[in-house]
Amino acid sequence: MTTATAFGVTLGPCDDMRAEVFVRLPPPAAAQGGEPPRLEGVLTGPECRLATTLPATARLVDLGPPPPGAVARDLVARVVLTEPAFWAPELPNRYRLEGRIRAGDAVVGTFGGWVGLRRLGARGRSFRLDGRRWVPRGTRIDGAAFDVADLRSQATVAVMVDPDDGICSRADVEGVAIIAALGADGGGPPAVAEVARRIAAWAAHPAVMLALLPAGMSATDAEAVAAAARAGKGTLQVGWTVDASVPPPAIPPGMDWLAVDVGRDASPHPAWREAPPPLPLVACGAAAGGRAACDALQASLAAWGLAGGGDRVPWEWAGYVVW
């Protein structure tokens with residue numbers, strides 16, 4: 001019997017009363033006696049450090065092998081939760097997944113771990129979390145400076161380069177949102193397959209809400225990453241860095257948001273005021289000072305938005321990050 005660790009969880013159709021959850025993992029190398037492998041197990045919870053809720057247990061239902069002649073695929077099971085508890089920084093609810101791979105009467109593998117169900121997406125130029133507008137305000141930190149109490153007290157998002165599994169797991173429990181920025185490998189952007197692998201690993205953590213491709217990654221590579229990561233990223237939003245000192249570029253297909261580098265003076269090219277791309281734009285400024293610096297960046301960009309005339313900002317930024 002083997003222990004499978006590379007499983008994925010996808011949140012399907014859901015609302016406050018019901019959620020469909022899909023569990024997916026690669027099939028074992030060989031099935032016992034030629035029997036097709038199937039998934040079974042339970043999802044139990046929720047558990048939350050900040051609240052007490054009576055746990056419930058729901059069983060996985062295997063969706064069966066692909067039809068004859070179809071392309072082989074991963075093993076997939078579905079579980080339906082009633083009155084689901086979703087993950088958000090304010091209430092970091094998690095469920096415990098305990099599963100088995102069975103072939104005939106024999107158990108040929110096991111898998112499991114903690115799962116957070118996060119309702120995150122975008123509508124127009126805004127992020128939406130649990131049906132409400134979510135405006136991340138983040139500051140860049142390293143692992144040694146990961147101060148949960150400080151981040152929570154300021155409602156600040158941690159912007160981290162290649163956060164490791166330990167940091168991400170702690171953030172899952174504590175309710176700290178992370179923007180995970182991919183670092184360069186060997187002085188250049190990592191290979192597309194490696195980026196997709198890292199994104200899939202981060203997607204297993206509900207705290208990692210946004211992923212940012214390396215600065216300088218070409219539009220062609222960004223499009224390839226988006227395609228390669230699509231199946232494994234769930235509701236994790238993948239972004240691309242662009243320079244605000246020039247007019248908006250063509251956006252690679254598959255990008256969920258843009259990190260708009262506004263520099264130190266927070267004065268983007270006028271074209272960004274009149275015709276910004278139609279997806280969430282997170283302003284990124286060169287400054288220090290945590291949440292206060294994010295608020296100062298927001299004020300500067302509000303003034304910039306009015307500089308072209310008119311009595312209101314023509315559109316709103318989706319978030320503010322200082323690094």
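Quick one: residue 73 ticks every box in (1) modelled with pLDDT of 95 or more; (2) over 15 Å from residue 14 (Cβ atoms); (3) not hydrophobic (A, V, I, L, M, F, W, C) bar one, so which box is it?
Residue 73 satisfies all of (1) modelled with pLDDT of 95 or more; (2) over 15 Å from residue 14 (Cβ atoms); (3) not hydrophobic (A, V, I, L, M, F, W, C) except (1).
Kindly check whether there is at least one residue in region 236-246 that is β-branched (Val, Ile, Thr) and over 17 Å from residue 322 (Cα atoms).
yes
Would you confirm whether any residue within region 44-58 is modelled with pLDDT of 90 or more and closer than 20 Å to residue 201 by Cα?
No.
Collect the residues in region 256-286 that are part of a strand (DSSP E or B) and surrounded by 17 or more Cβ atoms within 10 Å (Cβ to Cβ), keeping them in residue-number order.
257, 258, 259, 260, 261, 262, 281, 282, 283, 284, 285
Looking for whichever is farther than 30 Å from residue 61 by Cβ, of a type in the set (A, V, I, L, M, F, W, C) and buried (at least 16 other Cβ atoms within 10 Å of the Cβ) here; the options are 195, 173. Which one fits?
Being farther than 30 Å from residue 61 by Cβ, of a type in the set (A, V, I, L, M, F, W, C) and buried (at least 16 other Cβ atoms within 10 Å of the Cβ) holds for just one of 195, 173, which is 195.
With the structure loaded, tell me whether residue 250 is in a loop (DSSP other than H, G, I, E, B), in the same structural domain as residue 299 (by TED's automatic domain parsing), closer than 16 Å to residue 297 by Cβ and in contact (Cβ under 8 Å) with a residue 12 or more places away in the chain or whether it fails that test.
no
When you scan region 297-323, how many residues do you find that are assigned to a loop (DSSP other than H, G, I, E, B) and modelled with pLDDT of 85 or more?
The qualifying residues number 4.
Every residue in region 274-291 that is closer than 15 Å to residue 135 by Cα and free of Cβ contacts under 8 Å to residues at least 60 places away in the same chain, please.
Passing the criteria: 283, 284.
From the list 245, 169, which one is of a type in the set (S, T, N, Q), part of a loop (DSSP other than H, G, I, E, B) and assigned by TED's automatic domain parsing to the domain that holds residue 293?
Testing whether each residue is of a type in the set (S, T, N, Q), part of a loop (DSSP other than H, G, I, E, B) and assigned by TED's automatic domain parsing to the domain that holds residue 293 leaves just 245.
Go through region 17-43 and count every residue that is among the polar types (S, T, N, Q) and at pLDDT 95 or above.
Residues meeting the conditions: 0.
The values are calculated or read from the model by the stated rules, or taken from the named source; none is laboratory data. Owing to the predicted nature of the structure, the values given are computational and were not obtained by experimental measurement. Neighbour counts run over all protein chains shown; Cβ positions are idealised from the backbone, glycine included.
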